[in-house]
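**Q** What follows is a structure written as C-alpha cells; I'll ask about it next.
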Amino acid sequence: MSASDNNYDIAIIGGGCVGGTLACALAQEGVRVAVVEARATPQLWAADSVDLRVFAVTRASERIFRAIGCWDVIEQGGISPFRAMQVWDASSTGEIHFDSAELGEPTLGYIVEQRVIQAALNARMEALPTLDRLCPAELAGFDMDADGTRITLDDGRSLSARLLVGADGAQSRVRGMADIAIEARPYDQEAVVAVVTTEQSHQETAWQRFLPTGPLAFLPLRDGRSSIVWSTTPDQAALLCDLDKADFLRELSSAFANRLGAVIDVEERVRFPLQRLHATRYVSERLALIGDAAHVIHPLAGQGVNLGLLDAAALAEVILETLHSGRDPGRLNNLRRYERWRHGNNHAMQRAMDGFKTLFGESAVPVRSVRSLGLGLVNRLGPVKQLIARHAMGLEGDLPRMARG
Ligand SMILES: Cc1cc2nc3c(=O)[nH]c(=O)nc-3n(C[C@H](O)[C@H](O)[C@H](O)COP(=O)(O)OP(=O)(O)OC[C@H]3O[C@@H](n4cnc5c(N)ncnc54)[C@H](O)[C@@H]3O)c2cc1C
C-alpha cells in the first residue's frame, strides 16, 4: 500500500466493472483511492475463446468509459456494435424493430465481453498514481468513527478512509455488515447462458423473442457467433443444461423460430438464478452502495451493469464536488444527493423490467391481443419509439456529466 500510513479518501470494496469505474473516475482527479478486490482476473486469454458473460453496453456507458480513459483499450480488446434490435412475441403477431439509422446514431450499443472491460479497467487502475489496488484481498470487517472508517482485510492488513463504498455485487458483504435492508424477490426464473453458432450471420442485430416462459435473447458477437441469454423456469433451465448437444440445438432453434437459420453449435452452457433486489438505502454515515450491491434487475433489457456505471458516474460527481468545496465526502448530508439522484431512477427501471416480464408472461387471449396491438402501435409511432430507444441507449434522463459526453 503506497498511500501514506494507509489513509485514503475513498475505499472501494469490489473492483469489478462498477467499482473499477468509480475508482478510475476519482483517482484520475487525484483522489486517494484504495480498491479491495477478491478475485485476480487473467489479463490474457486464447484469441478464439469468448467469455460466457457479455454485456450490452449502452452509449451512455461508452461515454463513461471514454471519460475514464478506458474506451480505446476496450475497443482494441474487441467490441461488437449492434445497429438494430428486433423484439417479438412468440404468442402473438406483435413485433418491434429499432434501427440506429432511424435515430441518427451510428449504433444502438455494443456487446462486450466482461473480461475485456475488466482488463481495461485493471490496466487503467494500475497506471493511476493515487490508486492502490489490493488484489486478491477480501473485506473482513470495518468500524466507523467520527472521522472515518477503519477497514480490515482477511489477510490481516488494514486501512482507513473517509468513505467506504460497497461495489461488491449482489451478495454485498458491505451492505450486510452495515445492516442495510433489502427488498428482494426471486423471479422464479433462471438464465441459461451460452455462446452459439447460427447458420446465418447475426446481422449486427440484438434479437429478443418473448416466450411464455421468459425472454430469449441472441446478442451479436464480433466473430459472427451469438451469446444467448435464455430466461426460463428453473426446471426448464436445468433440463436445457442437461440435454445432449443435438437436442439442445433443436430446442433452441425452435424457441428462436429459426430466425437466423438453425443453431448449429453451442459451447458450455451455464445457468444463473435471477432475482430482483433493491437496497432500501444507498447511503449511511461514511458509506455508499453502488451497482449490484444496491440493485439487481432482470437481464431482459441488458441494463444491469449500465445502471451500475451510472451510479459510479453520479457518485464520482458528488464526491468530486464535495472535495472541491472542501467538505467531507463521507458525511451523510453530502451523500444524500447521490441517493436521491439514483434510487428513483433505478427503481423505475426495475419496475419497467418487471412490467415487461409480467406482460409477456401472460398467455390469456385478451392480454395477447393488447400486446400485439401495443407492439405494432409503438413500432409505427415514430416519436414514442424514438423515446423508448433513447432510454434504452442511456441517452435520456438526468445523466451524470460523464455520461453526457
Ligand atoms: C445471465 C445474466 C446476464 C446479464 N447480462 C447483462 C447485460 O447484457 N448487460 C448488463 O448491463 N448487465 C447484465 N447483467 C447484469 C450484470 O452482470 C451485473 O449488473 C454487473 O455484473 C454488476 O456489476 P458490479 O460491479 O456491481 O458487481 P459484480 O460484477 O458482481 O462485481 C463485484 C466485485 O466485487 C468483488 N467482491 C465481492 N465480495 C467481495 C469482498 N468481500 N471483498 C472484496 N471483493 C469482493 C467480486 O470479486 C467482484 O469482482 C446480467 C446478469 C446475468 C445474471
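**Q** Out of the DSSP beta bridges found with both residues in the chain, what percent are antiparallel (nearest 5)?
**A** Details: 55 of 79 bridges.
So the antiparallel bridges in the chain amount to around 70 percent.
**Q** Treating only the Cβ atoms of Lys and Arg (+1) and Asp and Glu (-1) as charged, compute the dipole magnitude of the stretch 83-131 about its Cα centre; round to the nearest 20 debye.
**A** So the magnitude is around 320 debye.
**Q** Can you compute the modelled spin-label distance between D48 and H324, with each label point 7 Å from Cα toward Cβ, in nm?
**A** 5.1
**Q** Same structure, new question: Would you compute the Debye intensity of the stretch 257-343 from its alpha-carbon atoms alone, equal scatterers and no solvent, and pass along log10 I(q)/I(0) at q = 0.12 Å⁻¹ to two decimals?
**A** Each listed q corresponds, in turn, to -0.50.
**Q** Top mean-square fluctuation among C241, C70, C24, Gaussian network model of the chain, C-alpha springs under 10 Å?
**A** Per the Cα network of the chain with a 10 Å cutoff, C241 tops the list.
**Q** Another one. Quantify, in whole percent, the carbon and sulfur part of the accessible surface of the chain (1.4 Å probe; protein heavy atoms only).
**A** 52
**Q** Which loop-located GluC sites (Glu not before Pro) does the stretch 190-247 contain, where loop means any DSSP state but H, G, I, E or B and the Cβ has at most 11 other Cβ atoms within 10 Å?
**A** Details: sites: E190, E199, E204; in loops: E199, E204.
Counting only loop positions with at most 11 other Cβ atoms within 10 Å, the GluC sites (Glu not before Pro) in the stretch 190-247 are E199.
**Q** I want to check the label-to-label distance for A140 and A262. Put each point 7 Å from Cα in the C-beta direction and report it in nm to one decimal.
**A** About 5.8 nm separates the two model spin labels.
**Q** Ok, one more. For the stretch 56-214, take N as its residue count and report Rg(C-alpha) divided by 2.2 N^0.38 Å.
**A** 1.40
**Q** Follow-up question, since we're still on this one. Anyone know which of Y110, Y282, Y187 comes out most mobile in the 10 Å Cα GNM of the chain?
**A** Y187
**Q** Report relative contact order for the chain in percent, whole number only (criteria: Cα-Cα under 8 Å, sequence separation at least 6).
**A** Computed over the chain, the figure is 22 percent.
**Q** I would also like to ask the following. Considering the Cα positions of the chain, please state its Rg to one decimal place and its Dmax as a whole number of Å.
**A** Rg and Dmax of the chain, Cα atoms, are 21.5, 67 Å.
**Q** Using a simple charge model, +1 on the beta-carbon of Lys and Arg, -1 on the beta-carbon of Asp and Glu, nothing else, what dipole does the stretch 76-179 show about its Cα centre, in debye to the nearest 20?
**A** For this selection, approximately 300 debye.
**Q** Only four residue types carry charge here, +1 at the Cβ of Lys and Arg and -1 at the Cβ of Asp and Glu. Report the dipole size of the chain about the Cα centre in Debye, rounded to the nearest 20.
**A** Details: 42 positive and 50 negative charges, 214 e Å.
Value, rounded to 20: 1020 debye.
**Q** Applying 1/(1 + (r/R0)^6) with R0 = 22 Å to the Cβ-Cβ distance of D398 and A40, what FRET efficiency is obtained, to the nearest 0.05?
**A** Between D398 and A40 the formula returns 0.05.
**Q** Now for a different question. Within 10 Å of each candidate Cβ there may be at most 11 other Cβ atoms; applying that plus a DSSP loop requirement, which GluC sites (Glu not before Pro) in the stretch 238-303 survive?
**A** Here the sparse-neighbourhood loop sites are E268.
**Q** Pulled fully out, how much extra length does the chain show between Q200 and D99, if you take 0.36 nm times their separation in residues and subtract their Cα-Cα distance? Numbers along the way, then the final one.
**A** Values: separation 101, 0.36 × 101 = 36.36 nm, distance 1.95 nm.
Separation in residues times 0.36 nm, less the Cα-Cα distance, equals 34.4 nm.
**Q** OK, next. Leaving out ligands and nucleic acids, and using a 1.4 Å probe, what accessible area per residue does the chain come to in Å²?
**A** Details: 16900 Å² over 405 residues.
Per-residue value: 42 Å².
**Q** Note down the net charge around C135, summing +1 for each Lys or Arg and -1 for each Asp or Glu among other residues with Cβ under 9 Å from its Cβ.
**A** +1
**Q** Specify the residue with the greatest mean-square fluctuation among P136, P220, P81, computed from a Gaussian network of the chain linking alpha-carbon atoms under 10 Å apart.
**A** Looking only at P136, P220, P81, the largest GNM fluctuation is found for P136.
**Q** Over the Cα atoms of the stretch 30-111, compute the convex hull volume and normalise it per residue, giving Å³.
**A** Expressed per residue, the convex hull around the Cα atoms of the stretch 30-111 is 185 Å³.
**Q** Could I ask something else about it? Under DSSP H, which helices of the chain have Cα atoms covering 18 Å or more of the helix axis and a Kyte-Doolittle average no less than 1.0?
**A** For the chain, where a helix must reach 18 Å along its axis and average at least 1.0, the hits are 304-324.
The values are calculated or read from the model by the stated rules, or taken from the named source; none is laboratory data. Note that the coordinates shown come from a computational prediction; the quantities given were computed from them, not determined experimentally. Counting neighbours? That spans all protein chains shown, and the Cβs are built from the backbone with ideal geometry, glycine included. With ligands, DNA and RNA removed, areas are computed over all heavy atoms of the protein, side chains included. Shrake-Rupley method; radii C 1.70, N 1.55, O 1.52, S 1.80 Å.
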